[in-house]
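Values in this text are rule-based calculations from the coordinates and carry no lab data. What you see is a predicted model; the values in this text were computed from it and never measured. Positions of Cβ are backbone-derived with ideal geometry, glycine not excepted, and every protein chain shown enters the neighbour counts.
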Amino acid sequence: MHNLEGRRVTVYCAGSAKVQPKYLRAAEVLAADLVDAGASLLFGGGKTGLMGHLATCVLERGGKVQGVMPHLLKDIEMNHPGVDDFTFVHSMAERKALLLQDTAGLVAMPGGTGTLDELIEAVTLKRLGQYLQPIVLLNQDGFYDALIALIDRMVDEEFMNPEHRNLWTVVAHPNEVIPALKSTPLWDAQAVLRASVK
């Protein structure tokens, strides 16, 4: 079991201002569980959508929040006004790299192409042994079913190895996220040797 006390957990999620209430409620559960576990939130810094709601909920519970945002989004005032601990970078690529740095794991909630981009890069880096921490996919109401099916097809058609189905841990409910982060084993640093199908 991994101890999350004092560790940072990255959460990828939607910045879109229109969010269904069920996803907002999930963010509230995750925020409470993060704070109760003693973990801090590392996120993309946005003030709207799931991003903004999650950060606000963590802050309201006395938790610690760190944001990472490219200047192009700060320049249009997308940064969360309640977050004091910010790192501003020059590109989306820099943001993605910092969101993976020194974390106890990461969580992907529902989102759009930005969330998908961040998630797939993290999974690819894990496949190459460059990110070893747990990746938890919050598949709320089957949101990620099609993506999971696509990965399964990649394995079935031998673009990936069967072990690559385990690059992430899939949970259905937000209250399963923290237990999954704590219980998922670290990935093998030698995974790069098995990254391709031979």
Computed, not fitted: 222 nm per-residue ellipticity of the chain from DSSP H runs ≥ 4 (each -39500 (n - 2.57)), nearest 500, equal to -11000 deg cm²/dmol
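Taking the DSSP beta bridges in the chain as the whole, what percent of them are antiparallel, to the nearest 5? Write down the numbers at each step before the final one.
Values: 1 of 22 bridges.
In the chain, approximately 5 percent of DSSP beta bridges are antiparallel ones.
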Check which residues have an amide H placed less than 5 Å from T103's amide H, if you skip close sequence neighbours. none
I need the phi-derived Karplus couplings for region 187-194: 6.51 cos²θ - 1.76 cosθ + 1.60, θ = phi - 60°, integer Hz, Gly and Pro marked x. 6, 6, 5, 8, 4, 4, 5, 10
Neighbourhood charge, 13 Å Cβ-Cβ cut-off, centred on D85 and excluding it, Lys, Arg +1 and Asp, Glu -1: +1
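Report the net charge of residues surrounding L98, where surrounding means a beta-carbon distance below 13 angstrom and charges are Lys +1, Arg +1, Asp -1, Glu -1.
Values: positive: R8, R95, K96; negative: D85, E94, D102, E118, E121.
That sum, taken over residues with Cβ under 13 Å, equals -2.
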Would you kindly derive the ³J(HN,Hα) couplings of region 39-45 from the backbone phi angles with the Karplus curve 6.51 cos²θ - 1.76 cosθ + 1.60 (θ = phi - 60°), listing them in order in whole Hz, with x for Gly and Pro? 8, 9, 9, 10, 8, x, x
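How high is the FRET efficiency between H173 and D145 when r is their beta carbon distance and R₀ equals 22 Å, given to the nearest 0.05?
That pair, H173 with D145, gives E of 0.90.
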Proximal lysines to K47, defined as alpha-carbon separation beneath 26 angstrom and excluding residues fewer than eight positions away on the same chain: K18, K22, K64, K74, K96
Computed from the coordinates I sent, percent of Cα pairs over 28 Å apart equals one of (1) 37; (2) 22; (3) 25. Tell me the label. (2)
